[in-house]
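Chemist: Please see the structure below; I have some questions.
The values are calculated or read from the model by the stated rules, or taken from the named source; none is laboratory data. The model shown is predicted, which means the values in this text are computed figures rather than measured ones. Because the Cβ atoms are built from the backbone with ideal geometry, glycine has one as well, and the counts that use them run over all protein chains shown.
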Amino acid sequence: MPTDRPVYMGPRLRRLRRDLGLTQANMAADLDISASYVALLERNQRPMTADLLIRLARTYRMDLSDFSGDTAEDYRVRLQVSLKDPLFADLELPPMEAGDVATNYPAMAEAFLRLHTAYKEEQLALADRSGRGGEDSDELDPVAEARRFLASRRNCFPALDDAAERIAAAVEERGGFLSYLKARHQLRVRRLPPEVLVDSVRRLDRHREEVLLDETLDTASQNFQLALQLAYLELRRAIDDVVREGHFATENGERLARRALASYTAAAILMPYTAFAKAVEARRYDVEALARQFGTSFEQTTHRMTTLQKPGAECVPFFFIRVDPAGNVSKRLDGAGFPFARHGGGCPLWSVHHVFRTPRKIVTQWLELPDGQRFFSIARTVMAGGGSYGAQGVERAVALGCAAEHADRLIYTQASDAPSPDNATPIGVTCELCHRTQCPARSAPPIGRAVLPDDLRRTSVPFGFSDG
């Protein structure tokens, strides 16, 4: 802990006390200090001393490194990222001012960050309600709730990344998941036939002290399941802390968000932030090469690439989507400002919908939206399930993309046969919101346009529209 300047940890101390179910008087008695001193510490009116930090660690049997840290620096970087929001574009906000607020008024910094996150969530909720004509039922859509929670935070959770990185280092030091689980949790890993596990791919058997895995899982999936079990064993409270920051109207929405965070943490254990961020730059975002380096699947790797927006260590911001052959979206993450259709189908001209014709082959494509925005995407099919003869598998397609301004950092735009941005495919978000009247792939007329009758003339496109 730095000794050259005071360190304030009020919000962390308050969160720890509440997590332990203690009053200020209880904590004061445990630490042999006054309740008023605890109150001053929590309001950041007194700095945290090294002696008190050691007392906290000993009294509550906690890891010192989990509590200590440079809070002001973290707030400074997060403030600077939040202040890039277009909402503040007309204000002159020098970086120095963000640093001053973070250092001198940490509680105010945290209050601003909470408000800004809540604002982003409400903006996404408003977009959801508008997409369904203002129906109140959208408030009770758990999938929309979970997606809104992730999108408002750009699918990036630095606290979970940091904790996962420490676990990854410990696992590597022990020689792998099997040794680590045995040494740290007294758990043995067993692989069993699917008929024995009865519709489960992973199960924690506390009675026999075993983690049971479906033996038909491939290596990448087995490692992911072990990392996921570790996330629940060691970072349950950290995940719950992040979930509590959300404003969920439904229990299912909260549970879906919690599951998403656990999977996020598992991926962060397999692909630790610092090492993975360095690798993606070195390999120019080559998904297949990165998957081989980290022993992960194509989908796991693309998914992880959407999370690399840790303040101060940002990589290319990506969006991600996963669809089945019927066009159903089963996963959608946005860190690149891509205007996904919140309701209804997507655009059939996007390659993610026709890569099923060329299984496991990466298809690159430039996309241009009606407003002129351009994005670059790669798409490929992935398989889930199967693993033995006769076992049912599910084929899906995933797409990973970024804004045109970042595309030159990707290896896919440098190949000799790479598509040219001048030949971008004109797509829409969804037919109801796309006003490209001459699109032959249109499935529905755009909202607000009058459809011409075809009594005397049938146009070459699905619908003809009046000029008004």
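Chemist: Residue 226 is checked against (1) touching a strand residue (DSSP E or B) at 6+ places or on another chain (Cβ under 8 Å); (2) assigned to a loop (DSSP other than H, G, I, E, B); (3) within 30 Å of residue 15 (Cβ to Cβ) and fails just one. What number does that condition carry?
Modeler: Every condition holds for residue 226 apart from (2).
Chemist: Moving to a separate point now. When you go through (1) crowded, with 16+ Cβ neighbours inside 10 Å; (2) within 17 Å of residue 263 (Cα to Cα); (3) touching a Ser or Thr at 6+ places or on another chain (Cβ under 9 Å) one by one for residue 295, which number turns out not to apply?
Modeler: (1)
Chemist: With the condition being in contact with a helix residue (DSSP H, G or I) (Cβ under 8 Å, 6 or more places away or on another chain) and at pLDDT 75 or above, I'd like the helices (runs of 4 or more DSSP H) fully within the range 57-120 carrying at least 1 qualifying residues.
Modeler: Here the list reads 71-82, 95-104.
Chemist: Sort through 144, 127 and tell me the only one that's modelled with pLDDT under 95, at negative phi and outside the structural domain of residue 266 (by TED's automatic domain parsing).
Modeler: Working: 144 fails: outside the structural domain of residue 266 (by TED's automatic domain parsing).
Answer to the selection: 127.
Chemist: Sticking with this structure for a sec: Are any residues in the range 382-398 of a type outside the set (Gly, Ala, Ser) and out of contact with any Lys or Arg (no Cβ under 6 Å at 6 or more places or on another chain), and if so, which ones? Steps first, please.
Modeler: Keep residues of the range 382-398 that are of a type outside the set (Gly, Ala, Ser), which gives 382-383, 389, 392, 394-396, 398.
Within the range 382-398, 383, 389, 392, 394, 395 meet the criteria.
Chemist: Considering only residues that are without any contact (Cβ under 8 Å) to a residue 40 or more places away in the chain, exposed (fewer than 15 other Cβ atoms within 10 Å of the Cβ) and of a type in the set (S, T, N, Q), which ones fall in the range 433-449?
Modeler: 438
Chemist: For the list (1) over 17 Å from residue 158 (Cβ atoms); (2) aliphatic (A, V, I, L, M); (3) assigned by TED's automatic domain parsing to the domain that holds residue 235, I need the number of the one condition that residue 261 fails.
Modeler: Checking residue 261 against (1) over 17 Å from residue 158 (Cβ atoms); (2) aliphatic (A, V, I, L, M); (3) assigned by TED's automatic domain parsing to the domain that holds residue 235, the one that fails is (1).
Chemist: Do the conditions hold for residue 296, that is, is it at pLDDT 95 or above, assigned to a loop (DSSP other than H, G, I, E, B) and within 24 Å of residue 274 (Cβ to Cβ)?
Modeler: Working: at pLDDT 95 or above: yes; assigned to a loop (DSSP other than H, G, I, E, B): yes; within 24 Å of residue 274 (Cβ to Cβ): yes.
Yes.
Chemist: Same structure, new question: Please go through the range 403-460 and give me each residue that is charged (D, E, K, R) and either part of a loop (DSSP other than H, G, I, E, B) or on the phi > 0 side of the Ramachandran plot (or both), ordered by number.
Modeler: Quick first cut of the range 403-460, residues charged (D, E, K, R) only: 405, 408-409, 417, 422, 432, 436, 442, 449, 454-455, 457-458.
Matches in the range 403-460: 417, 436, 442, 449, 454, 455, 457, 458.
Chemist: Still on this model: Scan the range 184-198 and give yes if some residue there is touching an Asp or Glu at 6+ places or on another chain (Cβ under 6 Å) and closer than 17 Å to residue 263 by Cα, otherwise no.
Modeler: No, the range 184-198 has no match at all.
Chemist: Right, another one. Given the condition farther than 18 Å from residue 168 by Cβ and acidic (Asp, Glu), answer yes or no: does some residue in the range 218-232 qualify?
Modeler: For the range 218-232, residues farther than 18 Å from residue 168 by Cβ and acidic (Asp, Glu): present.
Chemist: Being under 18 Å from residue 290 (Cα atoms) and surrounded by 15 or more Cβ atoms within 10 Å (Cβ to Cβ) is the filter; apply it to the range 412-432 and report the residue that is nearest to the chain's Cα centre (by Cα).
Modeler: Of the residues in the range 412-432, the ones under 18 Å from residue 290 (Cα atoms) are 412-415.
This time we only want the ones that are surrounded by 15 or more Cβ atoms within 10 Å (Cβ to Cβ), so: 412-413.
Details: 412: 23, 413: 25 Å.
The residue in question is 412.
Chemist: Sticking with this structure for a sec: Quickly run through the range 259-292 and pick out the residues that are surrounded by 16 or more Cβ atoms within 10 Å (Cβ to Cβ), over 19 Å from residue 230 (Cα atoms) and β-branched (Val, Ile, Thr).
Modeler: 280, 287 - these are the residues of the range 259-292 that are surrounded by 16 or more Cβ atoms within 10 Å (Cβ to Cβ), over 19 Å from residue 230 (Cα atoms) and β-branched (Val, Ile, Thr).
Chemist: Go through the range 386-400 and report how many residues are assigned to a strand (DSSP E or B) and either without any contact (Cβ under 8 Å) to a residue 24 or more places away in the chain or closer than 11 Å to residue 194 by Cβ (or both).
Modeler: First, pick out the residues of the range 386-400 that are assigned to a strand (DSSP E or B): 393-400.
With the extra rule that they be either without any contact (Cβ under 8 Å) to a residue 24 or more places away in the chain or closer than 11 Å to residue 194 by Cβ (or both), the set shrinks to 393.
Residues flagged as assigned to a strand (DSSP E or B) and either without any contact (Cβ under 8 Å) to a residue 24 or more places away in the chain or closer than 11 Å to residue 194 by Cβ (or both) within the range 386-400 amount to 1.
Residue-by-condition table, conditions (1) among the aromatic types (Phe, Trp, Tyr); (2) closer than 23 Å to residue 171 by Cβ; (3) more than 14 Å from the chain's Cα centre (by Cα):
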{"position": "238", "(1), (2), (3)": "no, yes, yes"}
{"position": "245", "(1), (2), (3)": "no, no, yes"}
{"position": "251", "(1), (2), (3)": "no, no, yes"}
{"position": "254", "(1), (2), (3)": "no, no, yes"}
{"position": "258", "(1), (2), (3)": "no, yes, no"}
{"position": "264", "(1), (2), (3)": "yes, yes, no"}
{"position": "270", "(1), (2), (3)": "no, yes, yes"}
{"position": "276", "(1), (2), (3)": "yes, yes, yes"}
{"position": "279", "(1), (2), (3)": "no, yes, yes"}
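Chemist: Restricting to the range 14-51, give me the number of residues that are modelled with pLDDT of 85 or more, in a helix (DSSP H, G or I) and of a type in the set (A, V, I, L, M).
Modeler: Here the count works out to 11.
Chemist: Output yes when any residue across the range 275-291 is on the phi > 0 side of the Ramachandran plot and part of a loop (DSSP other than H, G, I, E, B), and no when none is.
Modeler: yes
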